[in-house]
Amino acid sequence: MSKTETMSAGQTDDLRVSQVLRSPKLLTRETLAGVITALALIPEVISFSVIAGVDPKVSLIASVVLCLTLSLLGGRPAMVTAAAGSVALVIGPMVHTHGVEYILPAVVLGGVIQILFGLAGLARMMRYIPRSVMLGFVNALGVLIFFAQVPHVWGQSPLVWGLFAATLVIVLLLPRIFKSIPSPLVAIVVVTAVALLLGWRVPNVADEGPMSAGLPGLTQLLVPLNLNTLQIVWPTALSVAFVGLMESLLTAKLVDDITDTPSSKRRESWALGIANILAGFYGGIAGCAMIGQTIVNVEMGKARSRVSTVVAGLVLLLLVTGLSTLMAQIPMVVLAGIMMVVAVKTVNWHSLQPATLKRMPWSETLVMVLTVAITVWTSNLALGVLAGVIVAMMLFARRIAHVIRAEREVTGDIATYTVRGPLFFASSNDLFEHFDYAHDPKTVVIDLTHAQIWDASSVAALDGIVHRYGRYGVQVEVIGLEGWSGEVHNRLSGKLG
């Protein structure tokens with residue numbers, strides 16, 4: 001994206017924010033969406049802190065920093081960024097092996113990598129993620145979100161089940177009657193109030209981790225900056241950088257599709273790097289986009305601007321510092337019920353319908369299923385997406401490798417082969433089989449006007465064909481090479497061994 005485009009995107013966002021601030025209706029909608037998003041962040045952020053091996057308050061404060069920073073600098077308005085489970089999964093092993101003191105250098109180095117990634121414009125690589133992988137990503141995320149909430153409901157007391165049922169009734173039925181206030185917010189207020197007023201003892205947020213009031217200080221660097229430290233943190237830093245970028249950019253693309261508005265993936269990339277560096281120094285852990293909470297914000301809260309995520313960050317800050325006692329009393333079952341509804345809405349059910357699966361090519365269905373399976377099996381969205389992309393590339397290469405054609409025409413003492421299709425490492429191997437080496441006349445013309453040379457393998461294949469004809473004393477002429485194809489052939493032909 002050019003500088004002009006970036007400035008235009010920023011001006012559009014500023015105009016949108018100003019419109020929200022001038023409209024009481026829009027401001028109310030964005031504010032309420034932010035409140036419910038902040039509440040939805042609490043249980044997941046706390047549970048992910050356990051995975052990473054850090055204090056819950058560290059993750060909560062880091063989430064405030066991440067949310068506010070991306071609200072101001074990010075390229076996708078209304079997308080929620082916080083301390084995420086995918087990042088916690090890659091930080092956890094390092095913490096358990098070497099200790100929490102190595103988190104700061106790992107997070108800062110990961111942030112620097114993300115900034116370089118964004119400034120280099122590598123976010124454009126998102127275009128190479130096929131739709132089948134995106135569907136697998138979304139469906140797997142719905143499964144992970146849903147089953148992460150199950151322990152808060154399954155095996156609990158009948159009282160918890162009753163509150164769970166009440167949560168579902170409010171969240172699903174209230175919007176049909178009253179739409180001005182998000183139903184998840186109503187569910188949290190009502191269920192919490194009923195539990196407190198009636199003195200019901202049910203698992204609550206306080207049971208997930210300590211909720212002491214106040215703010216922590218800056219994170220102190222407790223390890224020396226030397227090669228030994230670099231050797232320990234660089235694998236984790238790379239994982240933090242690329243897992244965070246992949247999940248954030250995929251989430252941004254999903255929000256683009258939901259809202260029918262574009263976003264700057266390049267801006268989102270370098271802004272995430274800055275946010276992670278700040279969160280490392282004040283909070284102490286990295287993060288990325290939270291797709292479940294983003295769906296809460298965009299789908300349930302109908303948020304469309306940066307105002308909603310600013311509110312979410314400020315409300316989370318208020319809850320962590322001044323209202324931690326009240327926040328600790330929220331029953332976990334109401335938050336679990338809301339996230340289960342979010343999970344069900346996250347899944348693309350149309351992609352799973354028998355009629356859709358029947359119409360789709362088997363290769364795309366395989367990629368989608370594989371992405372879901374690996375993501376759910378490993379609980380790692382980035383690994384599932386990476387596996388899906390690799391398999392999709394292999395299947396694509398296999399498919400187009402067989403579209404190459406060579407039409408033979410003999411006129412007098414000349415045999416002309418008109419080659420059609422892309423020539424690359426997979427298809428060029430099949431090119432050998434299209435020629436009649438033993439029976440062609442002494443002059444052969446290979447016309448590549450309707451073909452394209454994509455790599456050195458194709459040039460090597462053509463050289464091999466010429467060499468094989470040479471065994472029979474046949475003279476070969478290659479014609480029709482123009483542009484990139486001609487340049488590559490002239491530069492490499494006869495020089496590949």
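Taking V112 as the residue in question, decide whether it is open to solvent by less than 20 Å² (accessible area, probe 1.4 Å), of a type in the set (A, V, I, L, M, F, W, C) and at pLDDT 90 or above.
So V112 fails the test.
For segment 82-124, give me each residue that is closer than 12 Å to S269 by Cβ and not in a helix (DSSP H, G or I).
A120, G121
So which residues in segment 341-359 are in contact with a helix residue (DSSP H, G or I) (Cβ under 8 Å, 6 or more places away or on another chain) and open to solvent by less than 60 Å² (accessible area, probe 1.4 Å)?
V341, V342, A343, T346, V347, N348, S351, T356
Scan segment 418-456 for residues that are under 17 Å from I400 (Cβ atoms), of a type outside the set (F, W, Y) and open to solvent by 50 Å² or more (accessible area, probe 1.4 Å) and jot them down.
Those that are under 17 Å from I400 (Cβ atoms), of a type outside the set (F, W, Y) and open to solvent by 50 Å² or more (accessible area, probe 1.4 Å): R420, N429, E433, H434, H450, Q452.
Within segment 373-410, restricting attention to residues that are polar (S, T, N, Q) and in contact (Cβ under 8 Å) with a residue 40 or more places away in the chain, which residue is surrounded by the most Cβ atoms within 10 Å (Cβ to Cβ)?
Filtering first and then ranking leaves T375.
Can you tell which of G34, G53, G92 is touching a helix residue (DSSP H, G or I) at 6+ places or on another chain (Cβ under 8 Å), at negative phi and at pLDDT below 90?
G92 is the lone residue from the list that is touching a helix residue (DSSP H, G or I) at 6+ places or on another chain (Cβ under 8 Å), at negative phi and at pLDDT below 90.
Return the residues of segment 351-375 that are assigned to a loop (DSSP other than H, G, I, E, B) and of a type in the set (A, V, I, L, M); say none if nothing qualifies.
If the condition is that a residue be assigned to a loop (DSSP other than H, G, I, E, B) and of a type in the set (A, V, I, L, M), then M360 is the only one that fits.
Within segment 26-45, work out how many residues are under 13 Å from A82 (Cα atoms) and of a type outside the set (G, A, S).
7
I'd like the full set of residues that are open to solvent by 40 Å² or more (accessible area, probe 1.4 Å), within 18 Å of V333 (Cβ to Cβ) and at pLDDT below 80, limited to segment 188-222.
Of everything in segment 188-222, those that are open to solvent by 40 Å² or more (accessible area, probe 1.4 Å), within 18 Å of V333 (Cβ to Cβ) and at pLDDT below 80 turn out to be A206, D207, E208.
Assuming R76 fulfils every condition listed in (1) surrounded by 22 or more Cβ atoms within 10 Å (Cβ to Cβ); (2) assigned to a helix (DSSP H, G or I) apart from one, which condition is it?
Unmet condition: (2).
In segment 462-497, what residues are aliphatic (A, V, I, L, M) and part of a strand (DSSP E or B)?
Those that are aliphatic (A, V, I, L, M) and part of a strand (DSSP E or B): V476, V478, I479.
Looking at (1) of a type in the set (A, V, I, L, M, F, W, C); (2) out of contact with any helix residue (DSSP H, G or I) (no Cβ under 9 Å at 6 or more places or on another chain); (3) modelled with pLDDT of 90 or more, which is the one condition that is false for W161?
If we test W161 against (1) of a type in the set (A, V, I, L, M, F, W, C); (2) out of contact with any helix residue (DSSP H, G or I) (no Cβ under 9 Å at 6 or more places or on another chain); (3) modelled with pLDDT of 90 or more, just (2) comes out false.
Suppose the filter is of a type in the set (S, T, Y), more than 19 Å from V385 (Cβ to Cβ) and in contact (Cβ under 8 Å) with a residue 12 or more places away in the chain; does T167 pass it?
yes
The values are calculated or read from the model by the stated rules, or taken from the named source; none is laboratory data. As the structure is a computational prediction, the values presented were derived from the model and not from experiment. Don't worry about glycine lacking a Cβ; one is built from the backbone with ideal geometry, like all the others, and counts go over all protein chains shown. Note: accessible area is taken over every heavy atom of the protein model, side chains too, but ligands, DNA and RNA are not part of it. Shrake-Rupley method; radii C 1.70, N 1.55, O 1.52, S 1.80 Å.
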